[in-house]
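> I have a structure here, written as structure tokens, and I will follow up with some questions on it.
The values are calculated or read from the model by the stated rules, or taken from the named source; none is laboratory data. Here the structure is a predicted model, which means the values were calculated and not measured. As a convention, Cβ positions derive from the backbone with ideal geometry for all residues, glycine included, and neighbour counts pool all protein chains shown. Surface areas here come from the heavy atoms of the whole protein model, side chains and all, with no ligands, DNA or RNA. Shrake-Rupley method; radii C 1.70, N 1.55, O 1.52, S 1.80 Å.
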Amino acid sequence: MLYQTADEWRSATRRRVLFFAMSGLGKTHVSSMLRDSGDWFHYSIDYRIGTRYMGEYIADNAKAHAMKVPFLRKLLLSDSIYIGSNITFDNLAPVSAYLGKPGDPERGGLAYDEYTRRQGQFRTAEIHALMDTAYFIERAERLYGYPHFVCDTGGSICEWVDPDDPHDPLMTELAQHTLMVWIKGDAAHTAELIRRFDRAPKPMSYQPEFLNRVWHQYLNENNMKEGDVDPDAFIRWTYAQALAHRQPRYEKMAARWGITISADDVARVRTAADFDTLIADTLTTR
């Protein structure tokens, strides 16, 4: 690990951490708090994906829909209007909207082949964005003078690594430059995440093997064809399975490359000093 002991962490003039966890457990909350403290650069993987690696896909998809409207089509073809996405750290809806959900097109679903094509684009984009971490560490200090750096990853980071491989290229690269920190939720957190997702299901990205298995399982169990699937019903059904699928992967990642802190402890962090103490205490008891 980048910092082996509490003393190494406390004495470091440049602290660099990376959070990984399911969405909703505090990654962006604590990252934003550190950024607002003034000494931390906040590198959002999802923001980087949406602006650097998938921005053109997202804009082109919006243009394709606009081209179906004669009034907008005429303006687009004459370069009279511009269509783009307004992605921010707090609004990543354009990325989710592009990823979409598979199923009945009348209920907003995508054909499964198109859905998996976009999933593949996201996988490539996320890996590239994660591999940009070292560049942004250097850039944050060189351009802006930030001594400390936090990488706020998406929940799907565990889908693209092999946690059983000590030489996994992505994890090896990230661990060379950051302290890997898993924010772990308990059963109560899991239940709340499921309730929250059930109220407002949103697109996610999945490992291809996992997605293919659950898709065909869903079709078989419900005696459905692709066009019969309610997109929201499918992703609700898939979400709880995804949590169970990801939990052991996160755990192995933390055991091999990093440390674990609880979501409850993260929720109690109010200042950068609180965060420094939490990491130091965790390194002491690791």
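> What number goes with the only condition from (1) open to solvent by 30 Å² or more (accessible area, probe 1.4 Å); (2) in contact (Cβ under 8 Å) with a residue 60 or more places away in the chain; (3) among the basic types (Lys, Arg) that ARG286 does not pass?
(2)
> Another question, then. Could you run through region 18-35 and say how many residues are of a type outside the set (Lys, Arg) and part of a helix (DSSP H, G or I)?
Here the count works out to 7.
> Can you confirm whether ALA272 is modelled with pLDDT of 95 or more, closer than 19 Å to THR28 by Cα and of a type outside the set (Asp, Glu)?
Taking the combined requirement at face value, the residue satisfies it.
> Check MET171, MET180 and return the single one that is in contact (Cβ under 8 Å) with a residue 60 or more places away in the chain and outside any helix (DSSP H, G or I).
Being in contact (Cβ under 8 Å) with a residue 60 or more places away in the chain and outside any helix (DSSP H, G or I) holds for just one of MET171, MET180, which is MET180.
> Follow-up question, since we're still on this one. Go through (1) in contact (Cβ under 8 Å) with a residue 60 or more places away in the chain; (2) part of a helix (DSSP H, G or I); (3) β-branched (Val, Ile, Thr) one by one and return the number of the condition VAL95 breaks.
Failed condition: (1).
> Could you list, in sequence order, all residues of region 168-214 that are β-branched (Val, Ile, Thr) and under 19 Å from ASP46 (Cα atoms)?
THR178, VAL181, ILE183
> Would you please name the residue that is farthest from ALA97 (Cα to Cα), looking only at residues in region 69-80 that are surrounded by 11 or more Cβ atoms within 10 Å (Cβ to Cβ), among the hydrophobic types (A, V, I, L, M, F, W, C) and without any contact (Cβ under 8 Å) to a residue 12 or more places away in the chain?
Looking at the filtered set, the residue picked out is LEU75.
> So, of the residues in region 133-168 that are in contact (Cβ under 8 Å) with a residue 24 or more places away in the chain and aromatic (Phe, Trp, Tyr), which turns out to be surrounded by the fewest Cβ atoms within 10 Å (Cβ to Cβ)?
TYR144
> Separate question: For region 53-68, name all the residues that are open to solvent by 50 Å² or more (accessible area, probe 1.4 Å) and either among the aromatic types (Phe, Trp, Tyr) or in contact with a helix residue (DSSP H, G or I) (Cβ under 7 Å, 6 or more places away or on another chain) (or both).
TYR53, TYR57, LYS63, MET67
> Output the number of the condition that ILE49 fails; it satisfies all remaining conditions of (1) touching a strand residue (DSSP E or B) at 6+ places or on another chain (Cβ under 8 Å); (2) open to solvent by less than 20 Å² (accessible area, probe 1.4 Å).
Status for ILE49: all satisfied but (1).
> When you scan region 262-274, do you find a residue that is part of a loop (DSSP other than H, G, I, E, B), β-branched (Val, Ile, Thr), open to solvent by 20 Å² or more (accessible area, probe 1.4 Å) and closer than 22 Å to ALA21 by Cβ, even just one?
Within region 262-274 (the criterion being part of a loop (DSSP other than H, G, I, E, B), β-branched (Val, Ile, Thr), open to solvent by 20 Å² or more (accessible area, probe 1.4 Å) and closer than 22 Å to ALA21 by Cβ), the answer is yes, since at least one residue qualifies.
> Let me ask something else about it. Take region 10-29 and flag every residue that is surrounded by 20 or more Cβ atoms within 10 Å (Cβ to Cβ) and either of a type in the set (Phe, Trp, Tyr) or more than 15 Å from the chain's Cα centre (by Cα) (or both).
ARG15, ARG16, VAL17, PHE19, PHE20
> Separate question: Could we say that ARG236 is among the basic types (Lys, Arg), in contact with a Cys (Cβ under 6 Å, 6 or more places away or on another chain) and assigned to a helix (DSSP H, G or I) here?
Taking the combined requirement at face value, the residue does not satisfy it.
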